Amino acid sequence: RGSTPACAKPIFERLGIDADVWCELTKDFGRLFGTVAGKPNVIDSTRGRTRGQRYHVRSRARQLLAA
């Protein structure tokens with residue numbers, strides 16, 4: 001729990017993401033992302049269909065995805 005198998009290391013390298021960041025993103029996914037999930041810059045440029053309001057990205061999610 002809270003760790004990734006050694007065979008996953010090449011996958012994380014190809015994705016350019018640290019294994020610890022991946023663990024935190026998946027463990028706290030519901031807390032980090034509310035209505036939408038994705039790269040913060042893409043979410044920032046997207047607006048809701050019904051009211052046209054911007055979606056909020058939590059600061060911790062921004063930090064993790066900027067690493």
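General observations
- Phe12 vs. criteria more than 11 Å from the chain's Cα centre (by Cα) and among the aromatic types (Phe, Trp, Tyr): yes
- Pairs linking a residue in region 52-64 that is within 24 Å of Ile17 (Cα to Cα) to a residue that is at pLDDT 85 or above and part of a loop (DSSP other than H, G, I, E, B), with Cβ atoms under 8 Å and 6 or more positions apart or on different chains, are Arg60/Asp28.
- Selection within region 26-56 - in contact with a Phe, Trp or Tyr (Cβ under 9 Å, 6 or more places away or on another chain) and within 23 Å of Phe12 (Cα to Cα): Val36, Ala37, Ile43
Yes/no per residue for (1) within 30 Å of Cys7 (Cα to Cα); (2) more than 11 Å from the chain's Cα centre (by Cα); (3) modelled with pLDDT of 85 or more:
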| residue | (1), (2), (3) |
| --- | --- |
| Trp22 | yes, no, yes |
| Phe29 | yes, no, yes |
| Thr35 | no, yes, no |
| Ser45 | no, yes, no |
| Arg54 | no, yes, no |
| Val57 | no, no, no |
| Arg60 | yes, no, yes |
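The values are calculated or read from the model by the stated rules, or taken from the named source; none is laboratory data. Source: prediction; values computed, not measured. Positions of Cβ are backbone-derived with ideal geometry, glycine not excepted, and every protein chain shown enters the neighbour counts.
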